[in-house]
Amino acid sequence: MGRENKTYLTEFILLGLSSDHQTQILLFVVFLIIYLLTVFGNLLIILLVHIDTRLHTPMYFFLKNLSFTDFCFSTTIVPKMLSHFLVIRKTISFIGCSTQMFFFLVMGCTESSLLAVMSYDRYVAVCKPLHYSTIMTHRVCVLLVIGSWVSGVFVSLVDTTFTLCLPYQGPNIINHYFCEPPALLKLASEDTYKAEMALFAMGVIILLGPASLILFSYRNIISTVIQIQSGEGRLKVFSTCGSHFIVVIFFYGSTIFTYMQPNSKKMNEGDKVISVFYSVITSMMNPFIYSLRNKDVKEALRRKQLFFRK
């Protein structure tokens with residue numbers, strides 16, 4: 001398989017993050033802990049926001065959707081990666097690879113849109129507080145979330161279609177730990193220019209667009225906060241914006257580096273490490289940075305603990 005030019009590939013071999021057995025066992029433990037924290041943190045946020053009526057606000061509505069996206073995002077990649085740490089031959093079928101790539105892109109692109117929506121929500125809350133309730137109505141919030149999911153599905157369909165329409169008849173070894181377009185395009189048997197241009201165009205829409213909106217929102221938030229006379233209030237907003245900005249740098253910085261650069265025929269170890277940030281790390285960080293540090297969420301947790309004690 002994969003040695004005759006007329007034969008289309010039916011499976012791929014993933015090289016993973018390391019070929020050393022002991023290193024793989026260590027990575028298995030590390031990524032298992034990360035995945036368990038991701039699942040626990042995101043499911044906890046979803047449950048709390050759902051059952052606590054005090055958290056039924058636009059901000060937490062968006063956070064609940066972000067947590068669901070993060071849970072699905074991580075689950076699309078990490079369980080398969082964990083199983084590959086424990087085997088010598090890390091294979092994935094062509095259909096399995098295509099499915100993983102499609103859902104990975106749906107979740108990743110939806111998350112990108114949701115992060116932009118959340119920054120807009122904070123912009124309205126801080127810069128236009130008197131108009132917040134009339135601007136961020138329930139209908140508007142639902143439409144923004146639906147728009148985020150639609151954009152995610154659309155970009156995923158475009159990227160997946162252009163990637164999978166190419167013939168794969170040569171080597172079947174992917175120097176990566178999961179299936180994503182930049183890694184798969186390196187194995188294509190034909191010129192990948194059109195596919196690369198499609199990925200770049202979708203990257204402009206789903207990465208640079210939301211990132212620009214986030215920068216615009218936080219620039220206005222910071223300029224408004226500077227005018228606040230209360231030092232405590234200023235410190236609180238700056239602390240929140242700072243932690244949110246860490247997520248933005250991790251997520252958008254790593255994805256833009258991967259998807260907005262010319263595709264080379266080789267994938268180095270540094271590229272795989274960078275992929276870990278947007279495919280694994282941010283899904284774990286989001287619930288802790290956006291929600292579990294939040295005063296409202298902490299109070300909701302205390303109320304539920306008291307309720308169960310009774």
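Does the range 205-227 include one or more residues that are in contact with a strand residue (DSSP E or B) (Cβ under 6 Å, 6 or more places away or on another chain) and of a type outside the set (Lys, Arg)? Please lay out each step first, then the result.
First, the residues of the range 205-227 that are in contact with a strand residue (DSSP E or B) (Cβ under 6 Å, 6 or more places away or on another chain): none.
Looking through the range 205-227, none of the residues is in contact with a strand residue (DSSP E or B) (Cβ under 6 Å, 6 or more places away or on another chain) and of a type outside the set (Lys, Arg).
Return the only residue of 74, 18 being open to solvent by less than 60 Å² (accessible area, probe 1.4 Å) and in contact (Cβ under 8 Å) with a residue 60 or more places away in the chain.
After ruling out the rest, the residue left standing is 74.
When you look at residue 173, is it among the hydrophobic types (A, V, I, L, M, F, W, C) and either open to solvent by less than 70 Å² (accessible area, probe 1.4 Å) or touching a strand residue (DSSP E or B) at 6+ places or on another chain (Cβ under 6 Å) (or both), yes or no? Show your work before the answer.
Values: among the hydrophobic types (A, V, I, L, M, F, W, C): yes; either open to solvent by less than 70 Å² (accessible area, probe 1.4 Å) or touching a strand residue (DSSP E or B) at 6+ places or on another chain (Cβ under 6 Å) (or both): yes.
In short, yes.
Looking at the range 17-43, which of the residues that are of a type in the set (Ser, Thr, Tyr) and not in a helix (DSSP H, G or I) is farthest from the chain's Cα centre (by Cα)? Show your work before the answer.
Applying the first criterion (of a type in the set (Ser, Thr, Tyr)) to the range 17-43 yields 18-19, 23, 35, 38.
From the residues that got through so far, the ones that are not in a helix (DSSP H, G or I) too are 18-19.
Details: 18: 23, 19: 26 Å.
Checked the range 17-43; the qualifying residue farthest from the chain's Cα centre (by Cα) is 19.
Are there any pairs, at least 6 apart or on different chains, whose C-beta atoms fall under 9 Å, with the first in the range 171-183 and under 14 Å from residue 84 (Cβ atoms) and hydrophobic (A, V, I, L, M, F, W, C) and the second open to solvent by 10 Å² or more (accessible area, probe 1.4 Å) and in a loop (DSSP other than H, G, I, E, B), and if so, which?
Listed by first residue and then by second, the contacts come to 173/2; 173/15; 173/187; 174/15; 174/186; 174/187; 174/267.
Go through (1) open to solvent by 40 Å² or more (accessible area, probe 1.4 Å); (2) under 22 Å from residue 147 (Cα atoms) and name the single condition residue 25 misses.
It is condition (2) that residue 25 fails.
Sort through 94, 12 and tell me the only one that's of a type in the set (Phe, Trp, Tyr), open to solvent by less than 80 Å² (accessible area, probe 1.4 Å), within 25 Å of residue 158 (Cα to Cα) and in contact with a Leu (Cβ under 7 Å, 6 or more places away or on another chain). Step through it out loud before you land on a result.
Values: 12 fails: in contact with a Leu (Cβ under 7 Å, 6 or more places away or on another chain).
Within the list 94, 12, the selection yields 94.
I'm trying to understand the selection: among the residues of the range 44-75, which are in a helix (DSSP H, G or I) and polar (S, T, N, Q)? Outline the logic, then answer.
Step one: list which residues in the range 44-75 are in a helix (DSSP H, G or I), which gives 44-51, 53-55, 58-75.
Within the range 44-75, 53, 65, 67, 69, 74, 75 qualify.
Could you list all residues from the range 200-217 that are over 17 Å from the mean Cα position of the chain (by Cα) and surrounded by 19 or more Cβ atoms within 10 Å (Cβ to Cβ)?
217
Which ranges mark the helices (runs of 4 or more DSSP H) fully within the range 168-232 that have 3 or more residues being of a type in the set (A, V, I, L, M, F, W, C) and under 17 Å from residue 158 (Cβ atoms)?
The qualifying helices (runs of 4 or more DSSP H) are 193-203.
Please find, within the range 99-136, the residue that is nearest to the chain's Cα centre (by Cα) out of those that are buried (at least 16 other Cβ atoms within 10 Å of the Cβ) and small (Gly, Ala, Ser).
Looking at the filtered set, the residue picked out is 108.
Do any residues in the range 208-223 that are under 13 Å from residue 128 (Cα atoms) and in contact (Cβ under 8 Å) with a residue 60 or more places away in the chain have Cβ atoms under 6 Å from those of residues that are among the small types (Gly, Ala, Ser) and open to solvent by less than 50 Å² (accessible area, probe 1.4 Å), where the two are at least six apart or on different chains, and which pairs are they?
Hits for this filter: 217/119.
With respect to the numbered conditions (1) at pLDDT below 95; (2) outside any loop (DSSP other than H, G, I, E, B), which one is the sole condition not fulfilled by residue 88?
Single failed check for residue 88: (2).
Go through (1) surrounded by 14 or more Cβ atoms within 10 Å (Cβ to Cβ); (2) at pLDDT below 95 and name the single condition residue 141 misses.
(2)
For residue 38, are the conditions met, namely being touching a residue at least 60 places away in the same chain (Cβ under 8 Å) and either open to solvent by less than 10 Å² (accessible area, probe 1.4 Å) or under 20 Å from residue 269 (Cα atoms) (or both)?
Working: touching a residue at least 60 places away in the same chain (Cβ under 8 Å): yes; either open to solvent by less than 10 Å² (accessible area, probe 1.4 Å) or under 20 Å from residue 269 (Cα atoms) (or both): yes.
Spelling it out, residue 38 is indeed touching a residue at least 60 places away in the same chain (Cβ under 8 Å) and either open to solvent by less than 10 Å² (accessible area, probe 1.4 Å) or under 20 Å from residue 269 (Cα atoms) (or both).
Report whether or not residue 293 is of a type in the set (Lys, Arg) and at pLDDT below 70.
Yes: the conditions hold for residue 293.
The values are calculated or read from the model by the stated rules, or taken from the named source; none is laboratory data. Computed from a predicted structure; not experimentally measured. Glycine gets a Cβ as well: all are built from the backbone with ideal geometry, and neighbour counts include every protein chain shown. Protein only, heavy atoms only, side chains kept; ligands, DNA and RNA dropped before computing areas. Shrake-Rupley method; radii C 1.70, N 1.55, O 1.52, S 1.80 Å.
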